[in-house]
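Here's the structure we're looking at; comments come further down.
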Amino acid sequence: MSTIWGEGARNATVAIVLGAIFGTGLGFAASAQPAPSYPAKPIRVVVPFAPGGITDILARALGQRLAEAWGQQVVVENRPGANSQVGAEVVARAAPDGYTLMVSADTTFVMNPHLYGKVTYDALADFVPVSGLGISPQALVVHPGVPAVDVSGLVGLARTKPGELNYGTFGIGSSGHLNIELLQSMTGTKFTAVHYKGAAPALTDVIGGHIQMMFVSVGTAVPQWQERKVKFIAVGAGKRMELLPEMPTVAESGVPGYEAVSWFGLFGPPGMPAEVVAKINAEVRKIFADPEIKKSFLERQYFESIAGTPEQLTNYIKADEPKWRKVIQDAKVKGE
């Protein structure tokens, strides 16, 4: 599925969503300045996940702003499959001219290489990091009928009933799966996984009481919690969130050192000219430094900006890889 941002583009559904976020329509090129040498033609941004998810929303928001700034079309192209491997391979093999980019999550770079016996790309050598985009802390939610009000209570309950509490994931090897595997390894508990094809159906079954718990993005959990459809008992962030100061972290609730967040970044194929990387990076950092973007997009999604240097994005990969490698190997998780 592709969406085109740029002069003359009109998409009613996305216009409503992004218009609400940014307070602007889709006639970006009309107010944009004349394009410099780069970009001189439309840019393709590959999202290696299905439409509608948080990675897709982030890519479309970024695509809109880049089109506004540069007066060129930005085509957001969804290429899901094999836990992001299909889209990642497209970008890894693309011409390194800056006209094919990818917005993806940590899954592509720190989890897939250990979930699968063979992946079709090298997580470091086959991509050029351009900029980090955002971090999405994960929320631990349970059905209201679960007799636990905090993580310590949930862990205690699980120890008395090993394997009896079911949790939802959005696929084998997904963050929703591995976050619980990490919790199990750090607490000596045992939960039973129920795998779904996405976060939405899993959360629906938590609300319905068919399963008891799951990790899901804070932005997805908050509306259900506010309507008292689930109990939100902790966040996986390293420290309490500014937007949810009353919500304790898992780490402070009896599991020191625990962290469950997902991060997202912008990447290109190997061999991109340094000056093109620098220009894209500068524009991304400018976009994410805009107070309006913070208020109307990042805060609405409970995102924290990590827009920064390419080296900082590389460091996220290098720091997370050993952690998730150990979790995956210890739990003997294999991707489908």
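The values are calculated or read from the model by the stated rules, or taken from the named source; none is laboratory data. Being a predicted model, the structure only gives us computed values, none of them experimental. Quick reminder, even Gly has a Cβ in these numbers, built from the backbone with ideal geometry, and neighbours come from all protein chains shown. These accessible areas exclude ligands, DNA and RNA; they are computed on the full protein's heavy atoms, side chains included. Shrake-Rupley method; radii C 1.70, N 1.55, O 1.52, S 1.80 Å.
Residue-wise test of (1) small (Gly, Ala, Ser); (2) closer than 12 Å to Ala234 by Cα; (3) in a strand (DSSP E or B); (4) open to solvent by 10 Å² or more (accessible area, probe 1.4 Å).
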| site | (1), (2), (3), (4) |
| --- | --- |
| Val141 | no, yes, yes, no |
| Gly145 | yes, no, no, yes |
| Ala148 | yes, yes, no, no |
| Ala158 | yes, no, no, no |
| Gly163 | yes, no, no, yes |
Among what's in region 287-310 and is under 27 Å from Tyr99 (Cβ atoms) and without any contact (Cβ under 8 Å) to a residue 24 or more places away in the chain, pick the residue that is most open to solvent (accessible area, probe 1.4 Å). Ala289
Considering Gly171, Gly176, Gly219, which residue is assigned to a loop (DSSP other than H, G, I, E, B) and at pLDDT below 95? Gly171
Report yes if Phe232 is of a type outside the set (D, E, K, R), over 30 Å from Asp205 (Cα atoms) and under 21 Å from the mean Cα position of the chain (by Cα), otherwise no. no
Here are the criteria: (1) open to solvent by less than 10 Å² (accessible area, probe 1.4 Å); (2) touching a residue at least 40 places away in the same chain (Cβ under 8 Å). Tell me which single one Ile180 does not satisfy. (2)
Kindly provide the set of residues from region 33-79 that are among the basic types (Lys, Arg) and closer than 26 Å to Lys197 by Cα, ordered by number. Arg60, Arg79
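When you go through Phe288, Phe264 one by one, which is the residue that is in contact with a Ser or Thr (Cβ under 7 Å, 6 or more places away or on another chain), closer than 14 Å to Leu62 by Cα and assigned to a strand (DSSP E or B)?
Phe264
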Check off (1) surrounded by 16 or more Cβ atoms within 10 Å (Cβ to Cβ); (2) farther than 19 Å from Thr249 by Cα for Gly153 and give me the number that stays unchecked. (2)
Among what's in region 86-121 and is within 17 Å of Ile280 (Cβ to Cβ) and among the small types (Gly, Ala, Ser), pick the residue that is most open to solvent (accessible area, probe 1.4 Å). Ala95
Kindly list, by first and then second residue, each pair from a residue in region 161-176 that is within 13 Å of Met213 (Cβ to Cβ) to a residue that is part of a loop (DSSP other than H, G, I, E, B) and of a type in the set (S, T, N, Q), limited to pairs with Cβ atoms under 6 Å and residues at least 6 apart or on different chains. Leu165/Gln212; Asn166/Gln212
Going by what's in this entry, would Val155 be described as over 30 Å from Asp56 (Cα atoms), of a type in the set (Val, Ile, Thr), over 27 Å from the mean Cα position of the chain (by Cα) and modelled with pLDDT of 95 or more? no
Answer yes or no: is there a residue in region 38-46 that is part of a helix (DSSP H, G or I), out of contact with any His (no Cβ under 8 Å at 6 or more places or on another chain), over 17 Å from Met102 (Cβ atoms) and modelled with pLDDT of 95 or more. no
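To keep it simple, each residue is scored yes or no on (1) open to solvent by less than 40 Å² (accessible area, probe 1.4 Å); (2) over 23 Å from Phe49 (Cα atoms).
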{"site": "Lys190", "(1), (2)": "no, yes"}
{"site": "Pro245", "(1), (2)": "no, yes"}
{"site": "Val250", "(1), (2)": "yes, yes"}
{"site": "Gly257", "(1), (2)": "no, yes"}
{"site": "Val261", "(1), (2)": "yes, no"}
It is to be established whether one or more residues within region 223-231 are closer than 15 Å to Ser136 by Cβ and buried (at least 19 other Cβ atoms within 10 Å of the Cβ). no
